[in-house]
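The structure under discussion appears below in the form of structure tokens.
The values are calculated or read from the model by the stated rules, or taken from the named source; none is laboratory data. Here the structure is a predicted model, which means the values were calculated and not measured. All Cβ positions, even for glycine, are placed from backbone atoms using ideal geometry, and neighbour counts span all protein chains on display. Just so you know, the surface numbers come from the protein's heavy atoms only, side chains and all, with ligands and any DNA or RNA stripped out. Shrake-Rupley method; radii C 1.70, N 1.55, O 1.52, S 1.80 Å.
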Amino acid sequence: MKVIVARVDRCTGCRTCELYCATERGSEGRTLLQAVQETPVPQPRLRVEGGPDASLPVQCRHCVEAPCLDACLTGALVRDETHGMVHVKEDRCIACWTCVMFCPYGVIFPWPDRKFALKCDRCMHMETPACVDVCPTRALEVIDLAELDGVSAEKRKAAATLAIAATDGEGVVHLDLAG
Amino acid sequence: MESIHVKTVDPIGQDLLRGAAAKGLDLGWERYERLQPQDGFLRTGLSCAYGCLQGPCRIDPFGRGATQGICGLDRDGMVAASLLRLCLHGALEGLTEANNQEPAWPAELGPAAKKAEKVLGGDVSAADTFAAAKQLSRPGASPDDLLRQALRLSLLTVGLTGEGALRAAGRLSCRVGYGVVSGAGPVIGLCGRPTSDLVAALRDSTGASEPQGQIVALGEWIVADGELLPIACTSGEVEAVLSAGWLDAVALGPDADPAIARLCRSIGLPVFGEAEAAAARMTKSANGPNASQCAEGQVLCSAEEARAGLASNGSAGLAILAGSDAPQISLGWLPTELAPALRAKGLSVAACGDAALWVAKAGLASLDSDRPVSLLDPLRGPLDALAAAGPERVKGICFTGVKTSRDLAFALGLAVLGARVSVATPLPLWGSAGVRDLLNEKIAALGGAFAHWDHPASPDEVLAWFGES
């Protein structure tokens with residue numbers, strides 16, 4: 001299964017991903033200048049969060065044990081058998097927003113104007129997700145889940161090495177809880 | 001995917017692009033594609049244009065994020081300020097090049113200019129640039145005031161065109177096309193608006209070489225010793241022509257894009273400044289294209305010539321194609337499709353700038369052809385034509401692309417003078433429907449019209465726009 005990963009060290013918070021996600025996946029015109037004229041205004045399926053020190057685009061993780069799937073009252077949320085992505089069948093969604101409340105990451109968004117829940121489906125029927133395609137700093141990438149595990153293991157190893165070096169090889173950080 | 005065929009309509013130009021790709025050369029197209037998508041906030045005019053360092057502030061065009069800048073400026077104010085800033089740049093460019101900083105319009109358009117000045121708040125002068133700079137220092141002015149000032153500056157820009165780019169009277173013969181690069185002697189290319197001293201030094205150097213060399217303009221209209229230098233290509237094709245290896249050296253003026261000098265260095269093409277040009281020993285080393293790849297036309301350089309050359313001849317009106325190459329639209333697509341289509345509708349056609357080079361390259365301006373397209377001064381041509389034919393007979397002026405703020409301000413200024421004007425490439429006005437409506441109202445009150453599209457316009461759309469008049 002392929003997923004989108006975001007690199008916080010590369011994200012400048014420019015929100016280009018939001019603009020073009022809303023344009024590509026939320027508008028009729030499919031171009032930015034036409035999308036900005038539409039009513040209701042198109043909405044993105046990912047959101048850039050954070051402040052001046054760090055920003056990060058967040059979108060659905062497509063959890064293996066997805067709480068939203070269990071929470072959905074009408075079966076509007078389903079997992080695609082081919083791609084493994086969790087997505088919303090918009091015609092079945094009754095806009096009860098139960099999934100919004102159950103999502104542990106806060107990445108399902110209500111869209112009252114169109115009466116359905118909005119979430120990233122990784123643009124699974126497109127060659128590359130719109131957000132990944134437009135990111136000017138390549139902060140968003142599509143990688144295979146197995147590869148992601150490898151990347152995470154590398155990161156953990158690098159962090160552990162740094163921690164050991166910082167503690168004179170002891171590898172134990174003593175916290176002064178008494179203050 | 002092979003996409004060269006959508007970059008330019010010229011089959012030889014397509015071959016040049018393929019050749020450059022085979023050599024691994026990075027041209028403007030590659031840079032353009034790497035920049036996609038270009039900043040969405042700037043494209044919609046929703047990136048704040050005020051000279052303020054509290055920001056940078058941007059407004060979310062979809063209304064979910066910020067709806068105001070830190071100071072409270074809303075989207076209408078931001079888009080209007082963005083347009084004013086572009087017009088200010090355009091007017092300043094005109095002022096820096098004008099011999100006389102007092103604006104002047106052709107006598108026939110005097111009443112229209114007076115009316116516009118009256119409606120827009122009084123006489124227009126160079127002082128309007130200071131007023132605009134003051135308005136852009138803090139966001140206190142309303143969108144209405146900002147647009148009024150933008151239109152005043154656009155009128156000023158038109159009034160500062162002076163003697164035009166060619167600064168010539170009468171008619172000048174012009175030769176256009178890749179074929180002008182061929183010849184037995186060395187060939188030197190000129191681009192970036194070279195100084196007259198540089199051009200003179202090069203003429204001396206090439207004249208002294210054996211066999212005699214020649215200088216050709218690359219996307220420029222340059223008059224030397226009362227003659228228009230042969231023009232090898234349009235402004236959008238300069239890098240492709242350089243990459244072909246047809247030239248023996250290049251001389252760059254102060255306005256040359258950084259990419260040109262970089263490309264010359266990477267392919268080992270000598271680049272001359274003024275000092276080197278005088279002392280240069282020219283030798284022929286490059287092989288040029290086929291000499292037949294060249295067409296001829298005649299440029300009507302002044303208002304008087306435009307008056308004589310654009311006489312009605314029983315046509316249903318006059319259509320003007322202006323503007324420069326733009327990467328959003330296949331090079332040459334609009335001018336070469338529109339000119340014959342407009343003629344087929346019974347209209348006379350005039351062209352200037354890159355649009356004129358494309359129609360000339362296509363043989364549509366040849367004096368041997370039936371109803372040739374008239375070529376005009378690249379800077380003030382549309383103004384001369386408007387004065388000569390009158391706003392009623394001019395069915396429309398389409399800018400097939402705008403490259404500089406001055407082009408945009410000039411286009412707006414023509415609309416302020418009562419002309420129907422369109423720009424075929426998107427402008428940063430789509431972030432505010434209110435500002436677009438207000439701009440249309442203001443121009444309509446002056447008898448003009450200003451159209452633009454939210455996408456690069458196709459020939460069919462522009463043709464339909466001409467038909468609406």
State, to one decimal in nm², a quarter of the convex hull surface area for the C-alpha atoms of chain A, i.e. the direction-averaged projected area.
13.8
Ordering B:S324, B:S292 by how much accessible area each has at a 1.4 Å probe, largest first, what is the list?
B:S292, B:S324
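Could you work out the Rg to Rh ratio of chain B, with Rh taken as the Kirkwood radius (inverse of the mean 1/r over all Cα pairs)?
Values: Rg = 22.3 Å, Rh = 23.0 Å.
On the Cα set of chain B, Rg over Rh gives 0.97.
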Can you list residues from other chains, or at least 5 along the same chain, whose modelled amide H is less than 5 Å from the amide H of B:A351?
B:L321, B:S374, B:L375, B:L376
Treat every Asp and Glu Cβ in the stretch B:346-464 as -1 and every Lys and Arg Cβ as +1, leave all other atoms uncharged, and give the resulting dipole magnitude about the Cα centre to the nearest 20 debye.
200
Consider just the alpha-carbon atoms of the stretch B:40-159 and return their Rg together with their Dmax, both in angstrom.
15.8, 52
The stretch A:1-107: which GluC sites (Glu not before Pro) are DSSP loop and have at most 14 other beta-carbon atoms within 10 angstrom?
A:E28, A:E65, A:E81, A:E90
Positive-end residue of A:G106, A:Q34, A:C131, charge dipole of the stretch A:31-179 with Cβ unit charges
A:Q34
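Let me spell out the model: positive unit charges on the Cβ of Lys and Arg, negative unit charges on the Cβ of Asp and Glu, origin at the Cα centre of the protein assembly as shown. What dipole size does that give, in debye rounded to 20? Provide the component values of the computation, followed by the final result.
Working: 59 positive and 76 negative charges, 163 e Å.
Dipole about the Cα centre, nearest 20: 780 debye.
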Amide H within-cut-off set for B:A316, under 5 Å, with H built and near neighbours excluded:
B:L347, B:S348
Using the crude model of +1 on Lys and Arg Cβ and -1 on Asp and Glu Cβ, and no other charge, please compute the dipole size for the stretch B:47-107 relative to its Cα centre, in debye to 20.
320
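Return the calculated 222 nm mean residue ellipticity for chain B, to the nearest 500 deg cm²/dmol, obtained by summing -39500 (n - 2.57) across DSSP H runs with n ≥ 4 and dividing by the residue count. Walk me through the numbers on the way to the answer.
Details: 18 runs with 188 residues, N = 469.
Computed mean residue ellipticity for chain B: -12000 deg cm²/dmol.
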In whole Hz and in residue order, list the ³J(HN,Hα) couplings for the stretch A:147-163 that follow from phi through the Karplus curve 6.51 cos²θ - 1.76 cosθ + 1.60, θ = phi - 60°; x for Gly and Pro.
5, 4, 4, x, 4, 5, 4, 4, 4, 5, 5, 5, 5, 5, 4, 4, 5
Could you name the lysines in cross-link range of B:K345, using Cα to Cα under 23 Å and dropping any fewer than eight places away on the same chain?
B:K361, B:K395
Of B:L347, B:I329, B:H455, which is farthest on the positive side of the dipole of the stretch B:303-467, counting Cα position, with +1 on Lys and Arg Cβ, -1 on Asp and Glu Cβ, and the Cα centre as origin?
B:L347
Through the Karplus equation 6.51 cos²θ - 1.76 cosθ + 1.60, θ set to phi - 60°, convert the phi angles of the stretch A:98-110 into ³J(HN,Hα) values in whole Hz; use x for Gly and Pro.
4, 4, 4, 6, 7, 5, x, 9, x, 10, 10, 10, x
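Can you say what percent of the DSSP beta bridges in the protein assembly as shown, counting only those with both residues inside, are antiparallel? Round to 5.
Values: 24 of 58 bridges.
If we restrict to bridges inside the protein assembly as shown, about 40 percent are antiparallel.
Hey, got the average number of other protein chain Cβ atoms within 10 angstrom for residues in B:422-428? Kindly include the intermediate steps, with their values, before the conclusion.
Working: counts 0, 0, 0, 0, 3, 1, 1.
Mean partner shielding for this stretch: 1.
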Of all stretches in chain B that avoid GluC sites (Glu not before Pro) placed in a DSSP loop and having at most 13 other Cβ atoms within 10 Å, the longest is B:3-391
Can you list the lysines whose alpha carbon sits under 22 Å from that of A:K155, skipping same-chain ones fewer than 8 residues off?
A:K2
Where does the longest stretch of chain A lie that holds no trypsin sites (Lys or Arg not before Pro) found in a DSSP loop with 14 or fewer other Cβ atoms within 10 Å?
A:31-88
Amide H partners (placed H, <5 Å) of B:I215, local residues excluded:
B:I188
Loop-located trypsin sites (Lys or Arg not before Pro) in the stretch B:146-175 whose Cβ has at most 14 other Cβ within 10 Å (DSSP):
B:R167
For chain A, with +1 on Lys and Arg beta carbons and -1 on Asp and Glu, the positive-most of A:G84, A:L19, A:G51 along the dipole
A:L19
Apply the Karplus parameterisation 6.51 cos²θ - 1.76 cosθ + 1.60, with θ equal to phi minus 60°, to every residue of the stretch A:48-65 and state each ³J(HN,Hα) to the nearest whole Hz, in sequence, with x for glycine and proline.
8, 10, x, x, x, 7, 7, 9, 7, x, 10, 8, 3, 8, 6, 3, 5, 9
